[in-house]
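Notes to accompany the following structure.
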Amino acid sequence: MSDIINLLPDHVANQIAAGEVVQRPASVVKELLENAIDAKASIIKLLIKDAGKTLVQVIDNGIGMSTTDARMSFERHATSKITCAEDLFQIQTKGFRGEALASIAAISHVDLKTKQESDSVGTLIFIEGSKFIRQESVATPTGTSIAVKNLFYNIPARRNFLKSDTVETRHIINELQRIALAHPDVTFFMYHNDNEVYHLPESNLKQRIVGIFGKKTNEKLVPILEKTPIVSITGYVAKPEFSKKKRGEQFFFVNNRFIKTAYLNHAVKMAFEGLISSAHHPSYFLFLEVPTSSVDINIHPTKTEVKFENEKDLYAIIRASVKHSLGQYNVAPILDFNRDASFDTPYKYKDVKPSEEPKIKVDSNFNPFENKKTSSWESLYSDIKDVDVPTSHESGDFTDEELFSQTEKFSGVKTQQLHRKYIVSTIKSGMVFIHQNRAHQRILYEDFLTKMTVGEATTQQLLIPIQLQFDKPDVKLLIEFRDDLESSGFLFEQIEDEKIVVKGIPSQMKETEIDRFFQELIADQAEDFPQSNFGQVDQIAKILAKNSAIRVGKTLTQKEQENIVNSLFNCKEPNTSPIGQVCFTTITINEIDKRL
Ligand code: ADP
Ligand code: MG
């Protein structure tokens, strides 16, 4: 048999490696910004075109490269940052794998311009898909400029996989924020399609946080400072009243490198226990300094996941020091004498497991009919307080046809409200239990979608316009959405870099929900959800429906109950809420017969 194993040519190996390092334009941004920091730049400019799909360029005033190094830098495993395996245990720089430039150059067109202080002229190099095109001498300031154009031009599948410009820009901004927070002594500029997004002058950490997240952040921050032999912690947490519904401003840095860690995030969350509801997320900017030998940053190619030698101690120390600072700044409730004193001595804290996140208790044996067989129907509904009842995740077992015939039967049928949560009604085959909130979300969602699509949305003018404050990029994002928002009934304008004024809202919406609506819209953009086919209109309709729908706990009049039942079964997809939760379930006569 003949031999069948080949060594892959370099450009193919680089393309494969690129898949790991470069998922989207934001990955390029991260690598280039990190290289600029490693090159000791004090001013870094990030230029983006079309959410980075056309151009990502980083210009720095760092140490630059010699002509030979400039050529070398695009080779795989070419790095100036480590020389032997032992160096891996004392990494001081952001990069060290020597993979980024080779990977990026394999899947884009790259222009590199660079000059060292000691040289009078610099070097300009053009590379396309790992192929060296040409090199020239060029007059250029000391430092480096790398322009990455047409990302994924030779991997159409990856290009198609990219999300909307809004989403990709959000990812880029996230990367910039992480690096800018870790390096407040560096000046950053960011331009998107020639518009300035950020100008962050050299500053201290607090000013940097305010520069990024807006002036309103200033009064929210509580400083954290803790020094122990295994870790030093500095940074800020936001006071509990500023915690958010969505995970937003949560930043952990280890030795000045942004990391993601669900475990340590939990430690902070536990420090806020009792101060915020479990549905809220605290905001924090925490910097951990640990000995380089006690942390392994090598486990993930993009280096946002790390492994700690003494994770449990870190957990305890973080939890205790955040709790302590919240208390000191008078934001914790009066001392709790019942608390577990072991939490106050975290340094001996070795084998304590983190407490579990609270789960919703569902009593699967709950049977509303138990012991009530002799009671009349009415007595089942009287005296019911707002208690939790189990929700069924089974969907109704109707055919569409059956449903239709049932909807007609609703008109005359009396309905009942159960636990201020479900609307109960008899149907041909037995009984139906409708979740009042989910059903109403479905009804409003389809209604908003139709009105937005046919341009029939109605606006209620606000007597007193409401001003809302966001950070700069978020205001830009809302302006991008303006057409779709207006088609749903909103009227608003930008009045300052960080402020909008809302003058009108969709007629079904409550004034009290305005702030939350905008917060959720912005937060959803930052998340990496696959976008639905309808895109933004769909998303706006979903969030509007969610915020305007009748909540669980609200008592409904007979008329309201009947309206919901009838409108739900007039919907195109009555089975689930806009986010896919089951709207109703049924119990058939057969099932009831079996029980009796
Ligand atoms: P790594 O950062 O892991 O070393 P990269 O592929 O990102 O690998 O970069 C390769 C090398 O190119 C770096 O080690 C550095 O010597 C050089 N380099 C890259 N970007 C810059 C820059 N902006 N300024 C100076 N040198 C740079
Ligand atoms: Mg690098």
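Can you tell me which residue among Lys323, Lys239, Lys216 is among the charged types (D, E, K, R) and under 25 Å from Phe188 (Cβ atoms)? Before you say what the answer is, go through the steps one by one.
On the way: Lys323 fails: under 25 Å from Phe188 (Cβ atoms); Lys239 fails: under 25 Å from Phe188 (Cβ atoms).
None of the others qualify; the one that does is Lys216.
Of the candidates Thr234, Thr166, the single residue that is buried (at least 16 other Cβ atoms within 10 Å of the Cβ) and under 23 Å from the mean Cα position of the chain (by Cα) is Thr166. Every test in (1) more than 25 Å from Asp296 (Cβ to Cβ); (2) within 16 Å of ligand 2 (Cβ to nearest atom); (3) not hydroxyl-bearing (Ser, Thr, Tyr) is passed by Glu99 save one, and that test is (1). When we screen Glu496, Glu486 for residues that are free of Cβ contacts under 8 Å to residues at least 12 places away in the same chain, surrounded by fewer than 20 Cβ atoms within 10 Å (Cβ to Cβ) and under 17 Å from Ile543 (Cβ atoms), the only hit is Glu486. Count of the stretch 138-163 residues, restricted to those that are open to solvent by 20 Å² or more (accessible area, probe 1.4 Å) and either under 30 Å from Arg482 (Cα atoms) or free of Cβ contacts under 8 Å to residues at least 24 places away in the same chain (or both), is 11.
Within the stretch 202-231, take every residue that is open to solvent by 10 Å² or more (accessible area, probe 1.4 Å) and of a type in the set (Ser, Thr, Tyr) and give me the one that is nearest to the chain's Cα centre (by Cα). My answer is Ser203. From the set of residues in the stretch 483-524 that are over 28 Å from Arg551 (Cα atoms) and not in a strand (DSSP E or B), which is nearest to the chain's Cα centre (by Cα)? Of everything passing the filter in the stretch 483-524, Glu498 is nearest to the chain's Cα centre (by Cα). Inspect all residues belonging to the stretch 579-587 and state whether any of them is in contact with a Gly (Cβ under 7 Å, 6 or more places away or on another chain) and open to solvent by 30 Å² or more (accessible area, probe 1.4 Å). Within the stretch 579-587, one or more residues are in contact with a Gly (Cβ under 7 Å, 6 or more places away or on another chain) and open to solvent by 30 Å² or more (accessible area, probe 1.4 Å).
Taken as a whole, the stretch 115-138 holds at least one residue that is within 13 Å of ligand 1 (Cβ to nearest atom), not in a loop (DSSP other than H, G, I, E, B) and not β-branched (Val, Ile, Thr). Looking across Thr114, Thr123, one residue alone is away from ligand 2 (no atom under 16 Å from the Cβ) and more than 34 Å from the chain's Cα centre (by Cα). It is Thr123.
Looking only at the stretch 193-201, decide whether some residue is β-branched (Val, Ile, Thr) and under 25 Å from the mean Cα position of the chain (by Cα).
Checked the stretch 193-201: at least one residue is β-branched (Val, Ile, Thr) and under 25 Å from the mean Cα position of the chain (by Cα).
Would you say Ile91 is more than 16 Å from Ala147 (Cβ to Cβ), β-branched (Val, Ile, Thr) and over 33 Å from the mean Cα position of the chain (by Cα)? Spell out how you get there, then give the answer.
Numbers: more than 16 Å from Ala147 (Cβ to Cβ): yes; β-branched (Val, Ile, Thr): yes; over 33 Å from the mean Cα position of the chain (by Cα): no.
For Ile91, the condition - more than 16 Å from Ala147 (Cβ to Cβ), β-branched (Val, Ile, Thr) and over 33 Å from the mean Cα position of the chain (by Cα) - is not met.
The values are calculated or read from the model by the stated rules, or taken from the named source; none is laboratory data. The shown structure was predicted, so the numbers you read here are calculated from the model rather than taken from an experiment. As a convention, Cβ positions derive from the backbone with ideal geometry for all residues, glycine included, and neighbour counts pool all protein chains shown. For accessibility, only protein heavy atoms count, side chains too; no ligands or nucleic acids. Shrake-Rupley method; radii C 1.70, N 1.55, O 1.52, S 1.80 Å.
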